[in-house]
Amino acid sequence: MKTNDLHIITKALEEGKVILYPTDTIWGLGCDATNEAAVEKLLKIKKRDNSKSQVCIVGNDAGLNQIIKEVPALAWDLIDETDQPLTLVLPDSKGLAKNVVADDNSVAVRMIKQGNLQKLLHRFRKPMVSTSANISGEKFPVHFDEITSDIIGNIDLIADLGTENMTNKPSSIIKIEMNGEITILRK
């Protein structure tokens, strides 16, 4: 099923379903990042093991505070200053499914600042997992027609949120420690 109705998409997420949707970067798979069973279902679709942590997306400051015990000041500065999608790996996560979080309790998180995806996150009021819509190890899809039938045949819903805000490339990733130390993981 394909829909642009935010109520239907939100209900699917609340029910633990996996959606296919255009992120701010590329086409992605998403689910409720607080629902361990939903995350496990998403990982099975991707044919990815549980050893890697997942990227979460939030739609506002409150969403970030909901999943990070103490957001480093530098993280707020970077979020405020960037106009490109930026994923931050932050310490001391909370309230997320254990199969979302890294062994050191850090989590990768990106704040969505505009568009229908931001509206969906505002309505859902929880973080979502956001991972590329491909089988693990294969090329990530920039356009909908690049998504394989292995993915489309196993998701619960296609969220037609529009692609006008997509950059068509993965986000930069920066790890920030509480002491302000940063590591650039992907430019």
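Filter region 149-166 for residues that are at pLDDT 95 or above and β-branched (Val, Ile, Thr); which is most open to solvent (accessible area, probe 1.4 Å)?
Among them, the one singled out is ILE152.
Which condition from (1) touching a residue at least 60 places away in the same chain (Cβ under 8 Å); (2) open to solvent by 30 Å² or more (accessible area, probe 1.4 Å); (3) part of a loop (DSSP other than H, G, I, E, B) is the one that ARG123 breaks?
(3)
Check THR131 against each of (1) surrounded by fewer than 19 Cβ atoms within 10 Å (Cβ to Cβ); (2) part of a strand (DSSP E or B); (3) polar (S, T, N, Q) and name the one condition it does not meet.
(1)
Go over the candidates ASP92, ASP104 one by one and state the one that is of a type in the set (Asp, Glu) and free of Cβ contacts under 8 Å to residues at least 24 places away in the same chain.
None of the other options fit; the residue is ASP104.
Could you give every pair whose Cβ atoms fall below 8 Å, whose first residue belongs to region 169-187 and is farther than 23 Å from LYS69 by Cα, and whose second residue is in a loop (DSSP other than H, G, I, E, B) and hydrophobic (A, V, I, L, M, F, W, C), counting only separations of at least 6 or pairs across chains?
Correct list of pairs: LYS169/ILE26; LYS169/VAL142; PRO170/ILE26; PRO170/PHE140.
Looking only at residues in region 55-66 that are part of a helix (DSSP H, G or I) and more than 19 Å from ASN179 (Cα to Cα), which one is nearest to the chain's Cα centre (by Cα)?
Residue satisfying both the conditions and the ranking: GLY63.
Which of the residues spanning region 169-187 are surrounded by fewer than 11 Cβ atoms within 10 Å (Cβ to Cβ) and either out of contact with any strand residue (DSSP E or B) (no Cβ under 6 Å at 6 or more places or on another chain) or part of a strand (DSSP E or B) (or both)?
Our first condition is that a residue be surrounded by fewer than 11 Cβ atoms within 10 Å (Cβ to Cβ); within region 169-187, this holds for 179-181, 183-184, 186-187.
Hits for region 169-187 are ASN179, GLY180, GLU181, THR183, ILE184, ARG186.
Kindly provide the set of residues from region 41-54 that are in a helix (DSSP H, G or I) and either in contact with an Asp or Glu (Cβ under 9 Å, 6 or more places away or on another chain) or at positive phi (or both), ordered by number.
Once the filter is applied, which keeps residues that are in a helix (DSSP H, G or I) and either in contact with an Asp or Glu (Cβ under 9 Å, 6 or more places away or on another chain) or at positive phi (or both), region 41-54 yields LYS41, LEU43, ILE45.
Tally the residues that are outside any loop (DSSP other than H, G, I, E, B), open to solvent by less than 40 Å² (accessible area, probe 1.4 Å) and either touching a helix residue (DSSP H, G or I) at 6+ places or on another chain (Cβ under 9 Å) or closer than 25 Å to VAL89 by Cβ (or both), restricting the search to region 1-40.
17
Do the conditions hold for VAL89, that is, is it under 14 Å from VAL129 (Cβ atoms) and at pLDDT 95 or above? Step through it out loud before you land on a result.
On the way: under 14 Å from VAL129 (Cβ atoms): no; at pLDDT 95 or above: yes.
Criteria not met by VAL89.
Return yes when VAL71 is crowded, with 20+ Cβ neighbours inside 10 Å and in contact with a Pro (Cβ under 6 Å, 6 or more places away or on another chain) and no when it is not.
no
Take the residues in region 74-98 that are of a type outside the set (D, E, K, R), in a loop (DSSP other than H, G, I, E, B) and over 17 Å from LYS187 (Cα atoms); name whichever of them is most open to solvent (accessible area, probe 1.4 Å).
The qualifying residue most open to solvent (accessible area, probe 1.4 Å) is GLY95.
Condition check: surrounded by fewer than 16 Cβ atoms within 10 Å (Cβ to Cβ), in contact with a Ser or Thr (Cβ under 6 Å, 6 or more places away or on another chain) and either not β-branched (Val, Ile, Thr) or not in a loop (DSSP other than H, G, I, E, B) (or both). Does ASN105 satisfy that?
Working: surrounded by fewer than 16 Cβ atoms within 10 Å (Cβ to Cβ): yes; in contact with a Ser or Thr (Cβ under 6 Å, 6 or more places away or on another chain): yes; either not β-branched (Val, Ile, Thr) or not in a loop (DSSP other than H, G, I, E, B) (or both): yes.
For ASN105, the condition - surrounded by fewer than 16 Cβ atoms within 10 Å (Cβ to Cβ), in contact with a Ser or Thr (Cβ under 6 Å, 6 or more places away or on another chain) and either not β-branched (Val, Ile, Thr) or not in a loop (DSSP other than H, G, I, E, B) (or both) - is met.
The values are calculated or read from the model by the stated rules, or taken from the named source; none is laboratory data. This is a predicted model, so every value here is computed, not measured. Note: ideal-geometry Cβ built from the backbone for every residue, glycine included; neighbour counts use all protein chains shown. The accessibility values were calculated without ligands, DNA or RNA, using every heavy atom of the protein model including side chains. Shrake-Rupley method; radii C 1.70, N 1.55, O 1.52, S 1.80 Å.
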